[in-house]
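Read through the structure below, which is laid out as structure tokens, and then see the notes.
The values are calculated or read from the model by the stated rules, or taken from the named source; none is laboratory data. This one's a predicted model, so the numbers in the text were calculated from it and none came from an experiment. Neighbour counts run over all protein chains shown; Cβ positions are idealised from the backbone, glycine included. With ligands, DNA and RNA removed, areas are computed over all heavy atoms of the protein, side chains included. Shrake-Rupley method; radii C 1.70, N 1.55, O 1.52, S 1.80 Å.
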Amino acid sequence: MPATVRRHTIDLAGYDVPVVDVAGSGDGPKLTVIAGVHGCEYASMAGVRLWSASLAERELRGSVRVVPVLNLPAFEARSPFVIPADNKNLNRYFPGDPAGSFTERFAHAAFSALIVGADAVVDAHCGDQPEALEPFAIYDAGPAEARAAELAVAYGLGYVIRQEPGPDRAVGGTTSAAAAELGIPAIIAEAGGCGLVEQAAVEMHVRGLDRVLAQLGMTGGPAPAMAPPPTRLSRFIWLRCAHAGWWEPAVRPGESVAKGQVLGTVSTIDGTELLQTIEAPTDGVPMFITSSPAVVADGLLLGLGAR
């Protein structure tokens, strides 16, 4: 029997956010799939939109809650990274605070409605407008990390990064980190870059979500064919610039780099003075690189995945 689909909205901090709830014909896990945590990451949104439209024709076990565009405030404003109301990055404030700023309240509402009570969570991302990106998935250490790692591998991207709590963690306050603290297996899957809707990236997300359904035992039949197993990485190092200026990367996302190799330079706007040379602190692979020449002091330049 095909799944039952209900399309509606939920109130998140005053915004009516579209949701697709899909109920299968048999018992099974509750899966939450989110895209648009950042307002200009369009390839992942497009992938989730396309994938969710296919669920009505399938026989499923369990249920799926899909949010194709979560961060409506940033989406409507075409604002990369941050919500304009308070200039905060939503994916740094989960599980949120009902008494905090707008972004913290929005994070709390989304966490309570979408993540609490789920058996698994997929948060689909891609490179925002000034980010070139190599496809990868992240999961966080915690009581559910073995299951989260299975989902990250099943998504079928080239790299999988495990993040451990502590001062060396590249980024906290994410959907996956907050879910991990509750013992919910969760991943962040990244494919696509520079805010572009590229068909190859859209298809990566569609295939990845189909593989997640198969991994969770929510659909019959084999999972879509997967490329060779991903490269597993245990550290995510984010490199920043000391000075504002003109950023010029010397490497590409996905390119293997050696410790001490020059990754790029920051110079003055007029090009007359070299301000900083960025070198790789260890062997690794750039997962994302800021593609815009414009950088501010302490601006993020790239994320290096290391073994």
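Descriptive notes on the structure:
- Phi-derived couplings, Karplus 6.51 cos²θ - 1.76 cosθ + 1.60 at θ = phi - 60°, listed residue by residue for the range 82-92: 10, 8, x, 4, 9, 6, 10, 7, 3, 7, 10 Hz, with x used for Gly and Pro.
- When the helices of the chain are scored as -39500 (n - 2.57) per DSSP H run of n ≥ 4 and the total is divided over every residue, the value at 222 nm lands at -6000 deg cm²/dmol.
- Taking amide H positions as modeled 1.01 Å from N, with prolines and chain starts lacking one, the residues under 5 Å from Thr231 and 5 or more places away or on another chain are Tyr159, Val160.
- The chain: most fluctuating residue of Pro29, Pro229, Pro95 per GNM, C-alpha cutoff 10 Å: Pro229
- Test item: Cα-centred dipole of the chain, Lys/Arg +1 and Asp/Glu -1 on Cβ, debye: 580 debye
- Under 5 Å from the amide H of Arg58 lie the amide H atoms of Ala3, each residue being 5 or more positions distant or on a separate chain, with H modelled from the backbone and absent for Pro and chain starts.
- Solvent-accessible area of Phe81 with every protein chain in place, 1.4 Å probe, in Å² to the nearest 10: 60 Å²
- Rg and Dmax of the range 1-157, Cα atoms only, in Å: 15.5, 46
- Relative contact order (percent, whole number), the range 208-307, Cα cutoff 8 Å, 6+ residue spacing: 32 percent
- Long-range HN-HN contacts of Lys88 with modeled amide H, under 5 Å: Ile83
- Net charge contributed by nearby residues that have their C-beta within less than 9 Å of Thr282 (K/R +1, D/E -1): +2
- With one equal scatterer per alpha carbon and no solvent term, the Debye-computed log10 I(q)/I(0) for the range 63-148 at 0.16 1/Å reads -0.76.
- Inter-centroid distance (Cα atoms) of the range 1-72 relative to the range 211-259, Å: 24 Å
- Cβ crowding within 10 Å averaged over residues, with 264-277, 59-72 ranked highest first: 59-72, 264-277
- For the chain, modelled as a GNM whose springs connect Cα atoms under 10 angstrom apart, the maximal fluctuation among Ala137, Ala113, Ala186 occurs at Ala113.
- The Stokes-Einstein estimate for the chain, based on a Kirkwood radius over Cα pairs and taken at 37 °C with 0.692 mPa s viscosity, is a diffusion coefficient of 167 µm²/s.
- Computed from phi, the 3J(HN,Hα) profile of the range 19-36 under the Karplus parametrisation 6.51, -1.76, 1.60 (θ = phi - 60°) reads 9, 10, 9, 10, 10, x, 8, x, 5, x, x, 9, 9, 10, 10, 10, 9, x Hz, with x in place of Gly and Pro.
- Selected from Leu133, Leu263, Leu151 as most flexible by GNM, with the chain as the system and alpha-carbon contacts under 10 Å: Leu263
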